[in-house]
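Contents: one structure, followed by commentary.
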Amino acid sequence: MESVKKRLTEFSEEAHDLYLNQSVPYLEEPPDPLHFYRHWIGPNKPCIIRNAFSHWPALSRWTPEYLREKVGSKVISVAVTPNGYADAVNGDRFVMPEERRMSFSSVLDIIEGKVQKRGVFYVQKQCSNLLDELPELTDDVEPHVSWMSAALGKLPDAVNFWLGEASAVTSMHKDHYENLYCVISGEKNFILLPPTDRPFIPYGVYQPAVYRQQDDGEFEVVDQSDSEKVPWIPLDPLDPDLDRYPQYRRAQPVRCSVKAGEMLYLPSLWFHHVQQSQGCIAVNFWYDMEYDIKYNYFQLLETLSEVTGST
Ligand SMILES: O=C(O)CCC(=O)C(=O)O
């Protein structure tokens, strides 16, 4: 077992030495599909692409005034938490946000500071919430990213809309998606870790629960007793508890800031933790990953990390 553990550590170090970058590189224009497949999707490396959606009307149009006029009265789902952490470990629970139905304009009122409310608000429903909840805005963007769709031979599985407060945080996790994350206004700050750092990233299994705001404004945590336990990462990369998770010392997180007009390619199975500027708006495209050799490779790493208890 110890030798497998040692080999996993060496493997991660070799990945960093041989092909991973110390920072996220920039491409100055949208790539050719084949080139993008060969150099970024295949090797599973992130990059930031500039000038990839400069033609989208959203970049100039999506001001609070325009959004109020166009979709102000629409009722959408908003994630509300006491501390900004939706879908995150809190003590011995995996706590999900209260999903509140609110008009778009009342969310804007909170984000712009016109109305004070207890809690942290984040429009982050995912599952194609742009198409499902805000179809009036789809003419301001494109339904897919043509070179990515050509590279993967398919259309995105989801197109998501994100709008949130600066204190809204997305806790560290990974997805089975090739993710193109487009910042329309403001700035998103990502902490990224490659799948090869998996042996250093702790997982626990937690009872699921949801936040619920009570009449006095306090949030309670309500267990979802019928739901199965959830595996999640308890570590906060902003303040990692290295006494508890000493292996994380070996991880090599990369930070990047994605500004308005920039698109992050976040490869499948990369761990990510996300923060943002107040009122940041973003749209992202999730393309389900191919369950091919790349997947099998990282799945093996996952299994070995689990069985060796590397975490
Ligand atoms: O923008 C965020 O807060 C989270 C984004 C994310 O986790 C994702 O696109 O997978």
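None of the figures in this text is laboratory data; all of them are computed from the coordinates on show. For clarity, every value in this text was computed on a predicted model and none was experimentally measured. Backbone-built Cβ (ideal geometry, glycine too); neighbour counts: all protein chains shown.
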- Item | Relative contact order %, the range 85-206, counting alpha carbon pairs below 8 Å whose residues are six or more apart | 31
- Query: Tell me, what is a quarter of the convex hull surface for the C-alpha atoms of the range 64-218, in nm² with one decimal?
  - Reply: 11.1
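What net charge do the residues around Asp109 carry, taking every other residue with its C-beta under 11 Å from that of Asp109, with Lys and Arg at +1 and Asp and Glu at -1? Walk me through the numbers before you get to the answer.
Numbers: positive: Arg68, Lys114, Lys117; negative: Glu112.
Around Asp109, the surrounding residues sum to +2.
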- Query: For q = 0.15, 0.19, 0.21, 0.23 Å⁻¹, what log10 I(q)/I(0) does the range 1-80 give under the Debye formula with an equal point scatterer on each alpha carbon and no solvent?
  - Reply: -0.81, -0.93, -1.00, -1.07
- If the range 2-145 were replaced by its equivalent ellipsoid, with semi-axes equal to the square roots of 5 times the Cα gyration tensor eigenvalues, what would those be, largest first, whole Å? 36, 26, 13
- Message: Give me the three principal axis extents of the range 182-237 from the C-alpha atoms, as integers in angstrom, largest value leading.
- Response: 42, 34, 18
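What percent do you get for the relative contact order of the range 2-307 when only Cα pairs under 8 Å and 6+ apart count?
Working: 635 pairs, mean separation 80.0, N = 306.
Taking the mean separation of contacting Cα pairs over the length of the range 2-307, I get 26 percent.
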- Note on the structure: Connecting every pair of Cα atoms under 10 Å apart in the chain and solving the GNM, the largest mean-square fluctuation among Arg244, Arg50, Arg212 falls on Arg244
- Task: Any lysines with Cα under 18 Å of the Lys74 Cα? List them, leaving off those in the same chain fewer than 8 positions away.
- Result: Lys125
- Message: Need the list of lysines near Lys45 for cross-linking: C-alpha distance under 21 angstrom, and skip anything on the same chain fewer than eight residues off.
- Response: Lys154, Lys174, Lys188, Lys259, Lys294
- Query: In bins 10 Å wide, starting from 0, what share of all Cα pairs of the chain does each bin hold, as a percent?
  - Reply: 6, 25, 34, 25, 9, 1, 0
